[in-house]
Amino acid sequence: MGHAPRPAHQHRENTLNMSGKDKKYHPQTQVTHGGRRKEWTHGIVNPPVYRASTCLFENMAERAERSKNPSAHHLFYGRKGTPTQWALAEALSELEGGEGCVLYPSGIAAVTGAILSVVKAGDHILITDSAYDPTRSFANSMLKDMNIEVTYYDPLIGAGIQDLIKDNTTAVLLESPGSLTFEVQDIPAIAEAAHDVGACVLLDNTWATPLLIDAFALGVDISIHAATKYIVGHSDVMIGAAIANKKYFRRLQRRAHTMGQTVSPDDAYLTLRGLRTLDVRLRQHEASALTIAKWLEGHDEVATILHPAFESCPGHEIWKRDFKGSSGLFSFVLKRGEYDDTAHFVDDLALFGMGFSWGGFESLALPSEPAHSRSAVKWEAEGPLVRLHIGLENTDDLITDLKAGLDRYGAWLDSKGA
Ligand SMILES: Cc1ncc(COP(=O)(O)O)c(C=O)c1O
């Protein structure tokens with residue numbers, strides 16, 4: 001059996017995150033209670049939706065007082081948030097163990113906002129070759145236009161990253177596991193090399209959420225989330241978050257304010273509501289994804305499982321060392337056929353939808369072509385790759401659906417003589 005022997009999440013029971021500020025409670029408790037200050041909730045359970053553009057000052061003295069500290073929870077102007085956004089930011093920051101959290105209108109806005117807070121013209125940034133494709137588009141267009149040099153590196157490079165570091169390297173972006181291909185990166189080794197030259201370590205941590213990895217303890221300076229995915233959990237909100245340590249938080253916050261980044265209180269409310277059940281949802285996503293991946297591993301049409309909990313996944317040993325579990329997103333490679341043939345697998349699936357986002361309660365299947373978004377390491381595989389998100393449906397029903405799809409796929413290839 002290829003997957004890690006320990007049962008789902010046994011290893012993250014009763015683990016307190018060790019990094020960051022005072023961590024009094026376990027993560028399950030933090031997602032339930034985070035951000036629920038009485039002065040924000042006024043005695044009800046959920047911080048309500050406070051809508052605001054104009055905030056009114058009693059007098060000039062109060063206006064002056066509220067202008068002083070951008071981090072203080074004072075009503076100042078709608079763009080700087082209300083208790084609804086503050087509650088979400090506080091809950092996420094505490095959960096991750098950071099100094100503070102900035103919210104963005106999408107995950108990609110969080111990625112680009114975080115990068116722009118640590119690079120300037122003339123700098124050099126190292127970006128993992130496995131980064132989410134729109135992150136690469138941003139680097140290849142805006143960063144280059146701003147005279148910021150970009151080098152893509154092999155996600156499995158580990159300490160070897162020091163050979164790519166230059167005098168002007170100020171940031172290293174990781175995404176672990178990587179988009180589509182799920183390489184697990186050696187965060188401590190990369191962080192050590194980056195910190196030796198004073199560069200900032202940023203991690204797109206969307207797959208693991210703050211629950212499955214202790215990013216700051218591993219050396220990350222800014223942990224970035226497309227909260228659109230698991231944190232929201234219901235496929236109905238676009239939102240991003242970046243949580244920084246003490247060294248980088250003020251810079252991150254200042255840049256976000258300067259760029260006018262803000263999220264609506266309604267979206268913050270829904271995200272906070274999703275966060276409350278993140279722990280139980282993630283446990284189910286993990287258990288169901290392991291069941292489905294194990295079943296796929298034994299299927300005749302399947303060549304490789306790219307799931308961090310499986311030995312076949314590059315960086316599996318690092319996953320075992322650094323992560324507390326796995327979520328519901330993974331890929332598999334088919335033994336034969338081409339990208340276009342996968343239509344015969346996915347088009348008539350009854351339960352798996354096809355769409356770009358993930359992390360909601362529903363299952364998804366997305367044929368993908370990683371070769372188009374790689375430049376440092378060539379992507380080579382026996383057949384086409386399909387990314388699955390395993391939702392909260394019954395796994396027997398999901399397997400029945402996948403089996404029918406793979407039967408259709410096999411029959412189509414047989415009919416072509418492939
Ligand atoms: C790993 C990763 N990072 C960032 C993003 C961007 O998030 P959003 O779609 O909220 O902009 C995505 C979206 O698919 C993603 O998968």
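Read-outs: derived from the displayed coordinates by stated rules, not from any lab. Every value quoted in this text rests on a predicted model; they were computed, and no experiment measured them. Glycine gets a Cβ as well: all are built from the backbone with ideal geometry, and neighbour counts include every protein chain shown.
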Margin query: Cut-off is 10 Å between beta-carbons; in what order do D322, D397, D154 appear when sorted fewest neighbours first?
Written below: D397, D154, D322
Note to self: Positive end of the dipole of the stretch 278-416, charges at C-beta (+1 Lys, Arg; -1 Asp, Glu), about the Cα centre: which of W412, A303, L349 has its Cα farthest in that direction?
What the structure shows: A303
Next item on the list: Report the charge-dipole magnitude of the chain in Debye, nearest 20, computed about the Cα centre from +1 at each Lys and Arg Cβ and -1 at each Asp and Glu Cβ.
Entry: 1900 debye
Item checked: Pair E149, S312: separation of 7 Å Cα→Cβ label points (nm) -> 4.0 nm
Next item on the list: Provide the packing ranking of 170-183, 121-134, 196-209, i.e. peptides ordered by the mean count of other C-beta atoms within 10 Å per residue, highest first.
Entry: 170-183, 196-209, 121-134
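Going through the cross-link list K24/K247; K38/K68; K38/K324, which pairs have a Cα-Cα distance over 28 Å in this structure?
K38/K324
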Next item on the list: For I157, list long-range residues whose amide hydrogen, built 1.01 Å from N in the peptide plane, is under 5 Å from its own amide hydrogen.
Entry: none
Check: What is the distance, in nm, between label points placed 7 Å from the Cα along the Cα-to-Cβ direction at N140 and at I44?
Finding: 4.8 nm
Check: Which one of Y153, Y339, Y248 has the biggest mean-square fluctuation once the chain is modelled by GNM with Cα springs under 10 Å?
Finding: Y339
Notebook entry, point to check: Using the C-alpha atoms of the chain, what convex hull volume per residue, in cubic angstrom, is computed?
Noted result: 140 Å³
Margin query: Between P265, P48, P308, where does the largest GNM mean-square fluctuation fall for the chain, given springs only between Cα atoms within less than 10 Å?
Written below: P48
Margin query: To check you understand DSSP bridge types, tell me what percent of the beta bridges within the chain (both residues inside) are antiparallel, rounded to 5.
Written below: 60 percent
Next item on the list: Could you work out the local net charge near F345, counting Lys and Arg as +1, Asp and Glu as -1, over the other residues with Cβ closer than 9 Å to its Cβ?
Entry: -3
